[in-house]
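The numbers here are math on the coordinates, done by the rules we state, and not lab data. None of the values given here were measured: they were computed from a predicted structure. Glycine also receives a Cβ, built like all others from the backbone with ideal geometry; neighbour counts cover every protein chain displayed.
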Amino acid sequence: MPGRSSSNTGSTGFISFSGVESALSSLKNFQSCISSGMDTASSVALDLVETQTEVSSEYSMDKAMVEFAMMDRELNHYVKAVQSAMNHVKEERPEKIPDLKLLVEKRFLALQNKNSDADFQNNEKFVQFKQQLKELKKQYGLQEDREVDGTEGVDEDMIVTQSQTNFICPITLVEMKKPVRNKVCGHTYEEEAIVRMIESKHKRKKKACCPKIGCSHTNMRMSDLVLDEPLRRAIESHNKKKHHPSE
């Protein structure tokens, strides 16, 4: 009967993939759960850096992020394997319906066998997490163990002064409340101020240059700006300590 699928290998007829496509949709919804988990783990990790809480590597958020990234990669591979198997059957239109489960497993294993640590560089949330963690540790003067060598005797007051200088917006010349970072040159600004500056320049058909003195970036776009969460947290923490030094 046209449109009716058969689950028996070797039988003939048309295959309806509506059930499979519905299952795929559910799997994709699960990806949003993984994404939410990564957001939570990232937020907790940044909180731990702020409070300078030591957590064993076994329970670290870094390990949790790796686990989430691995789940996301595996789920992506399975979805690709199912879609590839369906496309193969649709294009080939075989007289005998193949064993779809076996076909999917073969394609899934082929993708899994190509796994490498480099895959994580394609996971936007994982890359963002590593970058934010590194930046926040830098703001707090925290370094990785391998980077600590040779830092003894460094003037702590000088480090604090340098950090506070990074809190100042080059446009307003006051401490930032909602800092954004330029992905191209790496400089930071108060969001409202830089957005207003770019819009003003573009309305006059002019290019917007980075307001940081000495910067060579001469064609700024709104798409260049991203929220600098580590810097915002560092500024907030600095102000809390300034007003409540005993805490």
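At a glance:
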{"quantity": "Estimated D of region 97-137 in µm² per second, where Rh is the Kirkwood radius over Cα pairs and Stokes-Einstein applies at 4 °C, 1.567 mPa s", "calculated": "101 µm²/s"}
{"quantity": "Pair Lys178, Ser60: separation of 7 Å Cα→Cβ label points (nm)", "calculated": "3.4 nm"}
{"quantity": "Difference of contour (0.36 nm per residue) and Cα-Cα distance, Met222 to Leu75", "calculated": "49.6 nm"}
{"quantity": "Trypsin sites (Lys or Arg not before Pro) restricted to region 171-247 and DSSP loop, no more than 10 other C-beta within 10 Å", "calculated": "Arg204, Lys205, Lys206"}
{"quantity": "Distance (nanometres) between label positions extended 7 Å along Cα→Cβ at Asp99 and Leu111", "calculated": "2.1 nm"}
